[in-house]
Amino acid sequence: MLALVLNFIAYRQPTANRYRIISALALGSLSIHFALIDATAGAVVTGLAFFRNFIALRWQGPLVLWFFIAANLVLWIFEAVSGAPQLPLVFAYVSSLIFSIGSIRLNDPVLIRRWFVLAELLGLGYAFMVGSVEGMVFNLVNLSSIILKMLQDRRV
């Protein structure tokens with residue numbers, strides 16, 4: 001529940017750094033949820049995202065970006081060779097890569113929201129595949145929040 005409220009607030013922030021802080025707290029909460037239901041990829045990518053958002057507050061250069069891309073790829077390969085079902089891994093890690101690139105390289109909240117619609121849809125698919133009702137609600141609320149904010153911005 002905490003992750004839902006925090007991320008709804010995060011997507012409505014006027015600056016990228018305010019988004020990053022509030023979103024990090026939501027992601028940390030969601031990471032704990034996924035760990036509790038044994039959804040390893042979800043726990044890993046949301047835990048990584050927690051740290052990524054705080055690091056991106058200060059550093060957004062190419063080294064930081066490549067570090068998080070490499071971390072996602074290494075962890076994805078590690079899980080893939082461990083025998084985990086492949087399709088959920090694809091959804092989790094592609095979503096995580098979009099979030100990583102967007103959180104580190106994009107500073108325009110409008111562009112962040114556009115890319116994150118795709119990432120949230122992938123997250124929704126992952127949550128469905130691992131049977132996380134909380135994860136599905138989280139992604140649906142996030143998608144609703146993004147779309148509402150995008151519609152609001154179009155009116156202005």
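The values are calculated or read from the model by the stated rules, or taken from the named source; none is laboratory data. No experiment lies behind these values; they were computed from the predicted model shown. A quick note on method: Cβ atoms are made from the backbone with ideal geometry, for glycine too, and the neighbour counts reach across all protein chains shown. These area figures cover heavy atoms from the full protein model, side chains too; ligands, DNA and RNA do not enter into them. Shrake-Rupley method; radii C 1.70, N 1.55, O 1.52, S 1.80 Å.
Structural remarks
- Hits in segment 75-86 (condition: small (Gly, Ala, Ser) and exposed (fewer than 10 other Cβ atoms within 10 Å of the Cβ)): Ser82, Gly83
- Applying the condition of being under 16 Å from Asn7 (Cβ atoms) and charged (D, E, K, R) to segment 125-156 and asking which residue is most open to solvent (accessible area, probe 1.4 Å) yields Glu134.
- Conditions (1) of a type in the set (Val, Ile, Thr); (2) at pLDDT 95 or above; (3) out of contact with any Ser or Thr (no Cβ under 7 Å at 6 or more places or on another chain); number of the one not met by Ile55: (2)
- In segment 36-52, the residues that are assigned to a helix (DSSP H, G or I) and of a type in the set (A, V, I, L, M, F, W, C): Leu36, Ala41, Ala43, Val44, Val45, Leu48, Ala49, Phe50, Phe51
- Selection from segment 90-124 of residues that are modelled with pLDDT under 90, hydrophobic (A, V, I, L, M, F, W, C), surrounded by 17 or more Cβ atoms within 10 Å (Cβ to Cβ) and not in a loop (DSSP other than H, G, I, E, B): Phe99, Ile104, Ile112
- Qualifying positions in segment 104-120 - touching a residue at least 24 places away in the same chain (Cβ under 8 Å) and either at positive phi or out of contact with any Ser or Thr (no Cβ under 8 Å at 6 or more places or on another chain) (or both): Ile104, Arg105, Leu106, Asn107, Asp108, Val110, Arg113, Arg114, Phe116, Val117
- Among the residues making up segment 83-128, a single one is touching an Asp or Glu at 6+ places or on another chain (Cβ under 7 Å) and more than 25 Å from Trp59 (Cα to Cα): Leu89.
- Any pair with Cβ under 8 angstrom, 6 or more apart, that starts in segment 6-35 at a residue that is at pLDDT below 95 and ends at one that is charged (D, E, K, R) and not in a helix (DSSP H, G or I): Ala16/Asp108
- Of the residues examined, Asn72 is not one that is surrounded by 18 or more Cβ atoms within 10 Å (Cβ to Cβ), at pLDDT below 95 and in a helix (DSSP H, G or I).
- One residue stands out among those in segment 21-68 that are over 12 Å from Ser103 (Cα atoms) and among the β-branched types (Val, Ile, Thr): the one that is most open to solvent (accessible area, probe 1.4 Å), which is Ile32.
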